[in-house]
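Each remark here refers to the structure printed beneath this line.
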Amino acid sequence: MKKKCMVPYLILIPFFAIPSGCAYNKTSSPELLVDNQQIAITVQPETARTDCDTVVITCIDYRFAIANQEFINETLGLKDNYDHISIPGSIYNLVNPETRALLFSKFALSVRLHLINRVVIISHRDCGGYGGSTAFGSEIAEYETQTADLRKARALLLEKYPTLQIDLFLESLVQEGGETKVHFEKVL
């Protein structure tokens with residue numbers, strides 16, 4: 001009887017003893033908000049307004065986060081003028097009937113609260129929502145699936161919101177001269 005009770009504990013011990021992923025952070029960053037300390041960041045007057053005209057939908061993948069912000073703010077010129085919906089698998093969740101309602105609910109909230117007339121959707125290659133690049137069997141199959149899904153997402157949004165301007169982009173990590181860069185391709 002005692003051996004049967006011990007088995008679950010032996011299974012759980014390695015789970016708690018072995019840190020994994022983001023839960024294990026070796027950085028020595030100082031404690032934030034210790035003793036109710038507050039942090040204040042100044043914003044531009046344009047940021048303080050209550051409307052914007054664009055919604056940007058991206059994946060949460062950290063590999064693309066900084067490049068996405070630069071692309072959205074600088075290249076597209078949307079700084080201080082967009083809502084940002086970032087969800088794992090972004091576009092996959094919109095074209096998948098089982099998860100579509102979740103993304104549509106977040107999108108509808110943005111449309112209702114702000115004066116949205118444009119949507120920018122950025123999908124990326126090697127997306128975990130799809131199972132990564134290996135799930136497709138080839139780069140061509142991955143590209144064709146993701147560009148088709150981006151177009152399907154545009155059609156789904158236009159079905160409910162026919163006056164929207166919708167811009168689609170597919171991004172990928174590319175090695176150039178010993179550096180890793182993020183390339184953005186507009187999908188028509």
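Nothing in this text is a laboratory measurement; each read-out follows from the coordinates by a stated rule. Owing to the predicted nature of the structure, the values given are computational and were not obtained by experimental measurement. As a convention, Cβ positions derive from the backbone with ideal geometry for all residues, glycine included, and neighbour counts pool all protein chains shown.
Some points to look at:
- Residue tally, condition in contact with a Phe, Trp or Tyr (Cβ under 7 Å, 6 or more places away or on another chain) and of a type in the set (Phe, Trp, Tyr), over segment 117-175: 2
- Residue 147 being of a type in the set (Val, Ile, Thr) and free of Cβ contacts under 8 Å to residues at least 12 places away in the same chain: no
Residue-by-condition table, conditions (1) under 20 Å from residue 62 (Cβ atoms); (2) touching a Ser or Thr at 6+ places or on another chain (Cβ under 6 Å); (3) surrounded by 14 or more Cβ atoms within 10 Å (Cβ to Cβ); (4) hydrophobic (A, V, I, L, M, F, W, C):
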{"position": "98", "(1), (2), (3), (4)": "no, no, no, no"}
{"position": "105", "(1), (2), (3), (4)": "no, no, no, no"}
{"position": "114", "(1), (2), (3), (4)": "no, no, yes, no"}
{"position": "132", "(1), (2), (3), (4)": "yes, no, no, no"}
{"position": "143", "(1), (2), (3), (4)": "no, no, yes, no"}
{"position": "146", "(1), (2), (3), (4)": "yes, yes, yes, no"}
{"position": "171", "(1), (2), (3), (4)": "yes, no, yes, no"}
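- In segment 94-126, of all residues being of a type in the set (S, T, N, Q) and in contact with a strand residue (DSSP E or B) (Cβ under 9 Å, 6 or more places away or on another chain), the one that is farthest from residue 185 (Cα to Cα) corresponds to 110.
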